[in-house]
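The values are calculated or read from the model by the stated rules, or taken from the named source; none is laboratory data. Bear in mind the structure is a predicted one, so any value in this text is a computation, not a measurement. Virtual Cβ from ideal backbone geometry, glycine too; neighbours counted across all protein chains shown.
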Amino acid sequence: MPRRPLHRSNRAVRPIAPAPCRRPGACNLDEEKSNPSNIIEGHHSLCDYEENKRLYEYEERIKKSFDNIVPTLKNIAAIQKESNFETKAQEISKSSLGFEMPKEILANAWVDQLDMPKLFAWCVFHTYCRFSNEFYAEAPLSHDFEKEFDGFVQSCGFHTVDISPCADGRLAHLIRYVLRLPHKNVRRKSYAGAMFDIDNSIEKWIETEMLRFREGKPNNASDNTRYLKIAAYHFSSVDPTNQGCAAHGSDDSQAAACGLDRLYAFKTAIENSFCCGASIDLLLIGLDTDTDSLKIHMPDSGGIISLEHFIDTKKIFENTDSLNRESGRQFIIEQIRSIFPDATEGMIKFIAYIIENNISQIDYVKKNYGDSYPDIGHAERFIGAGVGFEEIQLRNLMYFAYLQTVEEAVADTDVGIKIFSGLNVKKGLPIPIVIRFDYHGQVPSARDRAIKHCQRVSRAFKERYVKLEDQGMLQILQVVRDCNSDAAIEIINCSVTPVMNGEH
Ligand SMILES: [Zn+2]
């Protein structure tokens, strides 16, 4: 595939503004004047410690709610022949997990062995529903910069930020944690190996431009802004040959090259189809899944991105560690300019923003986990397949396969099933799969179509992985959600009976 897009882009040059604050109000000139050094021992002056604390508490709490399931079931299994088993089991479940087990499954324990795989799947699904409901009802990951973000992005010369990361669960926190962007304002679609679907991206681009043209949202079509498409590949600095991208056989250069090829193919397709005014900017990002630092590959003036030429945010973190905030920000801008002299002022502003945000995340990993995450490999708790999953903003929680049909996404689902065959099936635990289709409630019959999608994908999973299905190792929860409202997910079906009702 050619690396060079067919058309050179007309790039607007805009004056650069200071890097924005992560949170409005955080950039206080009086504060800067009264504390010009703003350096605290052991603290990075560009790190947002308040936000780090909030994000860590949330991540810990949610992951614990999933990780407590197996130890709790072991405790329950140990007492299953005791008298008054059901009452004792419910007491253990309530105190460890915060909810009761289904009576129907516990009631059979005295005649037969407790059905642990079934109970495990039920608990994972129930925990998922509780977590998802909290996300939509209480907005625990709301972003202080949410309202200003669209205006900020436009001031950088973009009207849309569209990111396609790898489906690997170790990238699921890319938007809200690694880049610290408001998840509601950024489009995310995940694909194995970041090999995003060109046609789907073209559809989204058309929809975006149509909205600008017809409704002036998020800005008018006449405004000189561009559609920013980002592909995110990944690699492992601790164990590069084993813990890189499974979709590319842990070959980092192949992972990066394939992501880049997709970006060029997307841009070429748009420019060939729509020509003038089909303004797209590309960005390639590589995530070190062990430290959450980034390699940022920016385009030159001809729109060409080099795989060898990138900004390493880990180095920027180290080089700004002893600087005060203003000097640190200045250093970042200078670094971008020296590595990418062709970069537009808008792109520099945007990149400086995400570099500063990423410094908080690098510090987050260092302070909470040390030199790297303890779970450098896969440790996802379940597979998610379909369209939606806005609530999944945590690392290694869910393997995500964005799909309309299993047939079109076999690469993604095969990788997911392979990962979970190692994580769960080897230990005698089933693979929990949440099939989810979000729909637009104002569109007639959209809910019905979402339900049919769920049913069809569920059937396809069972047919494609028939051996696992026959062994009872595939457990499926089907949910839909009206994404035009703040509503919770709606449970359509569950392979584990009794079907939970989603109320807590
Ligand atoms: Zn991957």
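In the stretch 239-250, the residues that are in a helix (DSSP H, G or I) form no Cβ pair under 7 Å with any partner that is of a type in the set (Ser, Thr, Tyr) and more than 10 Å from the ligand (Cβ to nearest atom), whether six or more places apart or across chains.
I'd like the residue in the stretch 294-317 that is assigned to a helix (DSSP H, G or I) and out of contact with any Asp or Glu (no Cβ under 8 Å at 6 or more places or on another chain) and, out of all such residues, is nearest to residue 259 (Cα to Cα).
Taking the stretch 294-317 and keeping what is assigned to a helix (DSSP H, G or I), we get 313-317.
Subset that is out of contact with any Asp or Glu (no Cβ under 8 Å at 6 or more places or on another chain): 313, 315-316.
On the way: 313: 20, 315: 23, 316: 24 Å.
Once the filter is applied, the top-ranked residue is 313.
Applying the condition of being closer than 25 Å to residue 244 by Cβ and at pLDDT 95 or above to the stretch 427-464 and asking which residue is nearest to the chain's Cα centre (by Cα) yields 433. The single condition among (1) more than 16 Å from the ligand (Cβ to nearest atom); (2) in contact with a Leu (Cβ under 8 Å, 6 or more places away or on another chain) that residue 198 does not meet is (2). Checked against (1) under 24 Å from residue 130 (Cα atoms); (2) within 21 Å of the chain's Cα centre (by Cα); (3) part of a helix (DSSP H, G or I), residue 394 meets all criteria but (3).
For every residue, the table says whether it meets (1) surrounded by fewer than 23 Cβ atoms within 10 Å (Cβ to Cβ); (2) away from the ligand (no atom under 16 Å from the Cβ).
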| residue | (1), (2) |
| --- | --- |
| 99 | yes, yes |
| 115 | yes, yes |
| 145 | yes, yes |
| 149 | yes, yes |
| 174 | no, no |
| 179 | no, yes |
| 182 | yes, yes |
| 193 | no, no |
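Residue 287 satisfies every condition listed in (1) away from the ligand (no atom under 16 Å from the Cβ); (2) modelled with pLDDT of 95 or more except (1). Scanning the stretch 114-134 for residues that are touching a residue at least 24 places away in the same chain (Cβ under 8 Å) and in contact with a helix residue (DSSP H, G or I) (Cβ under 9 Å, 6 or more places away or on another chain) yields a count of 13. For the stretch 318-344, filtering for residues that are touching a Gly at 6+ places or on another chain (Cβ under 8 Å) and in a helix (DSSP H, G or I) leaves 1. Per the listing 324, 368, the residue uniquely surrounded by fewer than 22 Cβ atoms within 10 Å (Cβ to Cβ), over 25 Å from residue 308 (Cβ atoms) and touching a Phe, Trp or Tyr at 6+ places or on another chain (Cβ under 6 Å) is 368. Does residue 99 satisfy the criteria of being under 26 Å from residue 388 (Cβ atoms) and part of a helix (DSSP H, G or I)? When the stated conditions are applied, residue 99 does not pass them.
Determine whether the stretch 340-352 contains at least one residue that is at negative phi and touching a His at 6+ places or on another chain (Cβ under 6 Å). Let's see the steps before the verdict.
Of all residues in the stretch 340-352, those at negative phi come to 340-352.
Then drop every residue that is not touching a His at 6+ places or on another chain (Cβ under 6 Å), which leaves none.
No, the stretch 340-352 contains no residue that is at negative phi and touching a His at 6+ places or on another chain (Cβ under 6 Å).
For residue 447, are the conditions met, namely being among the basic types (Lys, Arg), over 30 Å from residue 250 (Cα atoms) and buried (at least 18 other Cβ atoms within 10 Å of the Cβ)?
On the way: among the basic types (Lys, Arg): yes; over 30 Å from residue 250 (Cα atoms): yes; buried (at least 18 other Cβ atoms within 10 Å of the Cβ): yes.
Taking the combined requirement at face value, the residue satisfies it.
Does the stretch 439-449 contain any residue that is in contact (Cβ under 8 Å) with a residue 12 or more places away in the chain and closer than 24 Å to residue 174 by Cβ? No: zero hits. Within the stretch 235-250, the set of residues being within 11 Å of the ligand (Cβ to nearest atom), at pLDDT 90 or above and not small (Gly, Ala, Ser) comprises 235, 243, 245.
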